[in-house]
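Read the structure below first, then the notes.
The values are calculated or read from the model by the stated rules, or taken from the named source; none is laboratory data. Being a predicted model, the structure only gives us computed values, none of them experimental. Cβ: placed from backbone, ideal geometry, glycine included. Neighbour counts: every protein chain shown. What goes into the accessible areas is simple: the full protein's heavy atoms, side chains included, and nothing from ligands, DNA or RNA. Shrake-Rupley method; radii C 1.70, N 1.55, O 1.52, S 1.80 Å.
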Amino acid sequence: MESTGLISGIPKNADSVTTIKSKLSLYKIRRFWKQIILSLLAVSIFLTLISPSVTLKNTSQKKNVIFFVTDGMGPTSLSLARSFKQHVYNLPIDDVLTLDKHLIGSSRTRSSDSLITDSAAGATAFSCRLKTYNGAIGIDPQKNPCGTLLEAAKLQGYMTGLVVTTRITDATPASFSAHADYRFQEDLIASQQLGNYPLGRMVDLLMGGGRSHFYSSNSKDSEWVGNGGARADDRNLIQEALDEGWSYVGDRASFDDLQNGFNVSLPLLALLADNDIPFDFDRDPTVHPSLKEQAMTAINALDEATKDSDEGFFIMIEGSRIDHAGHQNDPASQAREVLAFDEAFEAVLDYVSKTDTETIVLSTSDHETGGLVTAKQVTRTYPDYIWFPEVLANSTHSGEYLKKVYSNFIKFSNNLTRNEIKNFIKKEIFENGLHIFDYREKDVLDIMSYKDVNEVQEKLNRMISWRAQIGWTTHGHSAVDVNIYAYSNRKTTWYRILDKLQGNHENTEIGKFMEEYMNLNLDDVTDMIQDTVHHPDMTAKELENMDEFADEYFHHLKISLD
């Protein structure tokens, strides 16, 4: 029988040897690639297990952007609120705010015409990602309208929203949703926010105060208006909005009917006060919702509206009245406003951690207000290293609230004797309101002597600040750098945020990051809005007369006729 020619399993025939070697080579190659594929699969599974932010079920490019603005909140505001909270709740010194856990950097805040910005230029730096002059609303330094993040997002298919605790026509929300040469043009801003400009309606949800700029004192034809109409014309924008299909919310009961955002028909106009919503310190929860309630109602509404969409939502949420507490030099209100914001921030982070949609949260301030320091030298001798949060905790209302209590007492009481006024100041204002018992007779007489009720407010806030040993350097803004906070529910996105915004940055870089993240082109939007009416309808003489004007929060207008 013919030999097989096999020695140790290998044929002697050369062609057969070549065939076997080829098969062995193919086997080795296949085994090599099989090992590579198995290794890659193992690494993928491992990364999925160790990183909760990596998900296999969400492969879409849908994104949400939640941008917080803490108007007027500087680094000292955090220190003040943190120590205040620790004192009030008897917490250990390592108990920190939710914001503290998400600090990534700081922002420089100057405007194009000053080292110290105002809210209009500060917000426009975010919304248009450019520097402009103080007072400008969505306008560049040459007084040309600039496309905003909100407009570009809406044009790309995102749903959009604005939530504030001041007037919805105030500088920060206006800079995302309108274009005006000056921040005082709130009647024009209100009209544009409802869609009366070249782009049409760009905002799906408006929520805050500021009802007064949506109707005039002559608007009596609607159940939705009160007695605080401030429009210079006779238009009733609330009724116009209703006629154009907006849903309207004007009080606590109708806000509650929104069912935390799950019973909302967009577009929604929610005007919850004629002017600003009261400080959280003074807020009656049966009348006005908290910032947390507003924020989550808005986010849930936008989330529901986009659940079947390829695009997510963009929302700007402002802790507006931190700024007002700073302007008024009111540390008791400042601490509580920061804590109210922190509660809203925490609630939003909880939502973001649970949603399947890729979402980023950014939070920063447009500027610091008041030049706040947690120290004040109250004697000529070298100061003790101490300040007293208990003084803030013991007070029961803001200076703003108590000035109104005093003013109404004087206004609506008849034939008051001097002693009756003095006793009211002592008992109702100093003792019950501020919980101050070591006042002097001069303090009482000072209150009685003031012709301007705002002087009463300043006096009360000085009494609190002095006893708490809290210092202020200004009733205006300062040039101090402000903090940047961030979060994302996707690890790769989180690294992207850190790469771009960790450390110290210009405020415009924050706007630029959001533009790039949402794949927007603000320049294209800018080209589309150049026909927007944005100049004030005033004569040159009237504008000149406005030059020295400042509102109750010391916002100077700095009118330019150029």
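Of note:
- Couplings for the stretch 458-474, taken from phi via the Karplus curve 6.51 cos²θ - 1.76 cosθ + 1.60 with θ = phi - 60°, read 4, 4, 5, 5, 5, 5, 5, 4, 4, 6, 7, 6, 9, x, 9, 9, 7 Hz in order; Gly and Pro are left as x.
- Ranked by the mean number of other Cβ atoms within 10 Å of their residues, highest first, the peptides 166-175, 135-144, 529-538 come out as 166-175, 135-144, 529-538.
- Taking Lys and Arg as +1 and Asp and Glu as -1, the other residues whose beta-carbon sits under 14 Å from that of Q259 total -4.
- Under 5 Å, built H, 5+ apart or other chain: amide partners of I104: I484, Y485, A486
- 3J(HN,Hα) couplings calculated from phi for the stretch 363-368 with the Karplus curve 6.51 cos²θ - 1.76 cosθ + 1.60 (θ = phi - 60°) are, in sequence order, 9, 7, 10, 6, 5, 9 Hz; Gly and Pro show x.
- Whole-number D in µm²/s for the stretch 389-471 (Stokes-Einstein; Kirkwood sum over Cα pairs; 20 °C, 1.002 mPa s): 167
- Close amide-amide hydrogen proximity is noted between T359 and N64, N489, R490, each under 5 Å apart and 5 or more residues distant or on a separate chain (H modeled in the peptide plane; Pro and chain starts excluded).
- Along the axis of the charge dipole computed for the stretch 397-551 (Cβ charges of +1 for Lys and Arg, -1 for Asp and Glu, origin at the Cα centre), the listed residues Y401, L520, F437 are led at the positive end by F437.
- In a reduced charge model with +1 at each Lys and Arg Cβ and -1 at each Asp and Glu Cβ, the stretch 389-471 shows a dipole moment near 200 debye about its Cα centre.
- For the stretch 237-251, Karplus couplings with θ = phi - 60° (6.51, -1.76, 1.60), whole Hz, Gly/Pro x: 5, 5, 5, 4, 5, 4, 5, 9, x, 6, 8, 10, 10, x, 7
- Cβ-based net charge around L162, under 11 Å, with every Lys or Arg adding one and every Asp or Glu removing one: -3
- Scanning residues 5 or more positions from S365 or on other chains, those with amide H under 5 Å from its amide H are T70, N483, with H placed 1.01 Å from N in the peptide plane.
- Per residue, the stretch 389-471 exposes 52 Å² of accessible surface when a 1.4 Å probe is rolled over the protein heavy atoms with every protein chain present.
- Efficiency of FRET between T379 and E455 - r from beta-carbon atoms, R0 30 angstrom, step 0.05: 0.75
- Computed from the C-beta positions of T396 and D251, the FRET efficiency with R₀ = 35 Å rounds to 0.90.
- Cross-link partners of K459 among aspartates and glutamates (Cα-Cα below 13 Å; sequence separation of 8 or more within a chain): D330, E400, D443, D446
- Pairwise Cα separations in the stretch 242-397 fall into 5 Å bins from 0 onward with the following percentages, short to long: 2, 7, 14, 17, 17, 14, 11, 7, 4, 3, 2, 1, 0, 0.
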